[in-house]
1. Considering amide H positions built from the backbone, and no H for Pro or chain starts, which residues 5 or more places from Asn239, or on another chain, come under 5 Å of its amide H?
2. Please report the orientation-averaged projected area of segment 170-293, defined via the convex hull of its C-alpha atoms, in nm².
3. Compute from the Cα atoms of segment 231-346 the Rg and the Dmax, the latter being the longest Cα-Cα distance, and quote both in angstrom.
4. So what is the accessible area of the chain per residue, in Å², with the probe set to 1.4 Å?
5. Would you mind checking the pairs Lys228/Lys314; Lys194/Lys257; Lys102/Lys257; Lys151/Lys255 and listing those with alpha carbons more than 30 angstrom apart?
6. For segment 144-242, what is the per residue volume of the convex hull drawn over the alpha-carbon atoms, in cubic angstrom?
7. Could you work out how much longer the chain between Lys102 and Lys255 gets when fully extended? Use 0.36 nm per residue separation minus the Cα distance between them, nm to one decimal.
8. If the only charges are +1 at each Lys and Arg Cβ and -1 at each Asp and Glu Cβ, what is the size of the charge dipole of the chain around the Cα centre, to the nearest 20 debye?
Amino acid sequence: MTKNGRASAAVVALSALLLPTAGCGGGSSGGEVLVGLVTKTDTNPFFVKMKDGAEQAAGTTGAKLQAFAGRQDGDNQSQVDAIENLIGAGAKGLLITPNDSKGIVPSVDKARQAGLLVIALDTQLEPADAADATFATDNYQAGLLIGRWAKTTFERSGKPVRIALLDLSPNQVSVDVQRDQGFLEGFGVDVKDKGRIGDESDPRIVGHDVTDGAPEGGRTAMENLLQKDAGITLVYTINEPAAAGAYEALKAAGKEKDVVIVSVDGGCPGVGDVEDGIIGATSQQYPVKMAQMGVEAVSRFAEDGTKPENTAGKAFVDTGVTLITDHPVPGVESKDSAWGLQNCWG
């Protein structure tokens, strides 16, 4: 593994206990605004940086931040418990990356009834209007970008296409579905129902497996799909930690030079993997920006009741996405890894 891969693995090795970690203090007192941050895990580097962004904004606005994380991707109960704690602590608002976009809605409803502003970060709730606002990457667009890049890359090379898709979880949460389906549409696959993973019938697709968005899950999923078809030439992954695990499985099988990997995140370790040729292209998103905007929005809400407004023409606040690759193709706008490293995490 490269130095970037090792850095990613080191972050992923952190403990993921559901414990509130005070980013800028604990409860709310003396008129201070308490903001809660509830992320999917405390191990994925994406959410580590999201917490950093929230802490930075709390320091700037004078708010207090209390952060929680699930024990693993998909852990809904931990997020339910976190919301109960924040309601009891008198929080003015909470920012959440939901592990279960549908399952968390009753708890979100309870928080809003208690007067909290609820903002979903990165992953929309189902229904999306269960939150007061969503600050996120356009995840479908993120998938489209890497799909279009891969399509043109394979057309130019003339290489046969056998596709493996390494998704997040069996729950088919919105971010998982949007990235997967966006990628397939970008590649030219008939996705049939855009709201469902796995109903396509394109013979180029070897299959789907789930990764929990983690390196170990990516490795296992890649091993499973290689057993199904050793001729895989293109691998889509839900995020860059899963891509790192997939690469290790491909390397162990002696196939790392025969397969193109595409992903989403644009984190610093992942962009390093683009630079090192491990990932062909990734869609960069900006978790620091999402969290900073979220804390600022809660502070404004506490001051005068103002709620965020969506980006024009969209049902959420779009925080941007950029394709990062060192092998640009015609018709797909992109930036290189040097630019990506300057802007990673946002």
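The values are calculated or read from the model by the stated rules, or taken from the named source; none is laboratory data. Being a predicted model, the structure only gives us computed values, none of them experimental. Cβ atoms come from the backbone with ideal geometry, glycine included; neighbour counts cover every protein chain shown. Just the protein is used for accessible areas: all its heavy atoms, side chains included, with ligands, DNA and RNA removed. Shrake-Rupley method; radii C 1.70, N 1.55, O 1.52, S 1.80 Å.
1. Correct list: Val264.
2. Dividing the Cα hull surface by four gives the mean projection, 7.8 nm².
3. Calculated on Cα positions, Rg and Dmax stand at 17.4, 60 Å.
4. I get 38 Å² per residue for this part.
5. Lys228/Lys314; Lys194/Lys257; Lys102/Lys257
6. Cα-based convex hull of segment 144-242, divided per residue, equals 87 Å³.
7. 51.2 nm
8. So the magnitude is around 300 debye.
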